[in-house]
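The values are calculated or read from the model by the stated rules, or taken from the named source; none is laboratory data. Remember, it's a predicted structure, so these values are computed and weren't measured experimentally. All Cβ positions, glycine included, derive from the backbone under ideal geometry; neighbour counts span all protein chains shown. Areas reflect the complete protein model, heavy atoms only, side chains present, ligands, DNA and RNA absent. Shrake-Rupley method; radii C 1.70, N 1.55, O 1.52, S 1.80 Å.
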Amino acid sequence: LDIDDTSLSNYPYELPHDFGFVSSEWLAWANKSDAPALPGTLKLYQHAKEKGVYVFFVTGRAEALRESTVKNLESAGFKAFDGIYTKPDGYAEPSVVPFKSGVRAHLEAEGYRIILNMGDQDSDLEGGHAERTFKLPNPMYFIK
């Protein structure tokens, strides 16, 4: 699962910012660990865990946000997930596709079968390594 606007909602940040993005203000928001869960994704997550499915988060959030992101996921109800992959410090590619598809390839090499990959951006889904992909709508922003 992707995190931003797939698992956790940034709407409480976006609304008072007129749906704009100011990097330093968004980082402060993310570090507060207050983003609510998207209810449908949380329900899917809980169903998957009840069925014994391993769930990993693959996010474009920087490694520096790992601790606050884990805290936020857990407080929003995403408990006992099986791993989180954050974008490495110094990642310089113009797109997150190589990072995210690389993580999925790594998980497959570890023996996991990726039955579902879900995100709100095309870049969350590109690069293969998933049996099924599902894109959630996001009319607010686009990430390569």
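Restricting to DSSP H runs of at least four residues, report the calculated mean residue ellipticity at 222 nm for the chain, -39500 (n - 2.57) per run over all residues, nearest 500 deg cm²/dmol.
Rounded to the nearest 500, the figure is -10500 deg cm²/dmol.
For the chain, lysine pairs with C-alpha atoms less than 15 angstrom apart, excluding pairs fewer than eight positions apart on the same chain, total 11. This structure gives mean projected area of the Cα convex hull in nm², computed directly, and of (1) 9.0; (2) 8.2; (3) 18.1 that value is listed as (2).
For the chain, with only Lys/Arg (+1) and Asp/Glu (-1) charged at the beta-carbon, what is the dipole magnitude about the Cα centre, in debye rounded to 20?
Taking the Cα centre of the chain as origin, the dipole is about 400 debye.
Projecting the Cα atoms of ALA35, ASN10, ALA130 onto the charge dipole of the chain, computed from C-beta unit charges around the Cα centre, puts ALA130 farthest toward the positive end. Scanning the chain for GluC sites (Glu not before Pro) that sit in a DSSP loop and have at most 15 other Cβ atoms within 10 Å, the longest stretch containing none of them is 1-109.
The chymotrypsin sites (Phe, Trp or Tyr not before Pro) of the range 81-144 that meet both conditions, a loop assignment by DSSP and at most 13 other Cβ atoms within 10 Å of the site Cβ, are TYR91, PHE142. For LYS49, the accessible surface of its heavy atoms amounts to roughly 60 Å² (probe 1.4 Å, protein chains only, rounded to the nearest 10). Summary value for the range 43-144: 22 percent relative contact order, contacts being C-alpha pairs under 8 angstrom separated by 6+ residues. Derived scalar couplings between HN and Hα for the range 66-83 equal 4, 4, 5, 5, 4, 4, 5, 4, 5, 5, 7, x, 8, 8, 6, 6, 9, x Hz in order, rounded to whole Hz, by the Karplus curve 6.51 cos²θ - 1.76 cosθ + 1.60 (θ = phi - 60°), x for Gly and Pro. Residues whose amide H falls under 5 Å from that of ILE84, counting only those 5 or more places apart or on a different chain, are PHE57, with hydrogens built in the peptide plane. Principal-axis analysis of the Cα atoms of the chain puts helix 97-109 at an angle of about 30° to the longest axis. Solvent exposure of LEU1, expressed as accessible area, is near 30 Å², computed with a probe of 1.4 Å over the protein chains only.
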